[in-house]
Amino acid sequence: MEAMDKRKKDRLIKGIVLNVLVFLGAVVYMVMFLLPRYTDLSATTEQINNTIASTSSLKQNGVDRNSFTELLTRLGKKKEVPDVVFSDPEKLSKVLMKPSTAKGDYLSWLIEENGKVSALDKEIQENDTILGNIIPVFTNSSTVDASSDIDNQITLASFISYVEKDILAKYALTSYAPLGISNIDFPDKKDTPINIGSFKITLDFKGKNSNILSLIDALQKSGKLTIRNGKLIPDNTGNNPSSKWLSDLSNLLVNIDAFSLNSIPESPSDDNQGSLTLEFFVEGMNYQKILVLRSLLMAKFEWLQKSVKENGFLCTKGGNALCNETVTANAIASIKGLAKNLTAMQPKIDALKKGDITVDTNKEMDTLSDIKTSLQTIEMIYLKNQSILEKSKKQPTK
């Protein structure tokens, strides 16, 4: 009995020692392996929770200025955003912030605001057309080619057409006075985006009294502008689909500077004759329009530079079938030769990018006109040879 008790006691002691060893091993295992993993798991869990919170905040409130800048930098897109966007941090923060009164999440607000921007852009274009029919942009013969991308223009040809059709022919008047645009007086101010000038013409005319009086009445109502609920309303809308960049001149502002008749218009049906001096108002090329033309020319140059590089160096590597044919090989060589012309123009384009040209509209328009003429010549040669290459690619191989 005592022996049994001893054996049981030994087994009990061994069991206790074994359990202690297992417990200690478990403790060591927890300290050595599980605890670090738990710490990592805890950090991961915290990171996941932060990501969820950040995602929720991004969805609901969008990004702030710092996050926006960091995101652009990370994606390599910051250089594509103009520096002026970051020049006023306070304004940028205000633009990025969703108003507290906005309903829905950040994306819904952005979509709604983008719709407003599109509507505003359309309204601005409509307003430009309305105002351009009252006071159009004047372009003379030496700069009309460079400024053909500017809307709502009046040229010598469109002005003469307006006087002949909307003044003389419309009111059955006859005049032998020469028509032209000269001595336009623009203000000397260069620190304002508004550059309004005027010029005068004198018409010696003859016609019925009724038509003469109708013309005078129409001229006194010219340039009428209606504002309703804070928006411009066109009083007279014309249509000139053949030259969309020309003003319709449907509501041109005309001032009667001087008027005289040979006899008092007693009877509407009687003939009469007299002299009429009219003053027309036009807008000069201002700095904002110069910037638009600069941008268009720079885009054209970059497109040509890229196209010439892609197609003019097709024969630098072997294996291109186009290089084995005389016609296509010559076309590729012609395109390649344009690279020298573009390189010679690069300093002028760099000057446009830096804005180094003096803000003198006449000088700048002359410079822009020269650049555009050069680019048009290069483009014409490129397109001619490019068409040869495209035609050859479409032909079946023998």
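Our summary gives region 288-394 a relative contact order of 39 percent, counting only alpha carbon pairs under 8 angstrom and 6 or more residues apart. For Gln153, the residues whose amide H sits under 5 Å from its own are Val137, Leu246, Ser247, ignoring neighbours fewer than 5 places away on the same chain, with H placed 1.01 Å from N.
With a/c under 1.5 counting as rounded, go ahead and sort region 288-394 into rounded, prolate or oblate using the C-alpha gyration tensor (a ≥ b ≥ c being the square roots of the eigenvalues; past the cut-off, prolate if a/b is larger than b/c, else oblate).
Details: a/c = 3.32, a/b = 2.75, b/c = 1.21.
Because a/c hits 1.5 or more and a/b exceeds b/c, region 288-394 counts as prolate.
Relative protection proxy for 246-256, 306-316, from highest mean packing down: 246-256, 306-316 (other beta-carbon atoms within 10 angstrom). Residue-wise HN-Hα couplings along region 314-322, as the Karplus relation 6.51 cos²θ - 1.76 cosθ + 1.60 with θ = phi - 60° gives them from phi, are 5, 9, 6, 10, x, x, 8, 5, 5 Hz; Gly and Pro carry x.
Annotation: amide H of Asn195 within the under-5 Å range of Gly284, sequence separation 5 or more or interchain, hydrogens built in the peptide plane. For the listed residue pairs Lys94/Lys309; Lys353/Lys393; Lys94/Lys354; Lys224/Lys354; Lys116/Lys372, the alpha carbons are over 32 angstrom apart in Lys94/Lys309; Lys353/Lys393; Lys224/Lys354; Lys116/Lys372.
Each reported figure results from applying straightforward, stated rules to the coordinates on display, with no laboratory input. Every value quoted in this text rests on a predicted model; they were computed, and no experiment measured them. In this analysis, Cβ positions are derived from the backbone assuming ideal geometry, glycine residues included, and neighbour counts consider all displayed protein chains.
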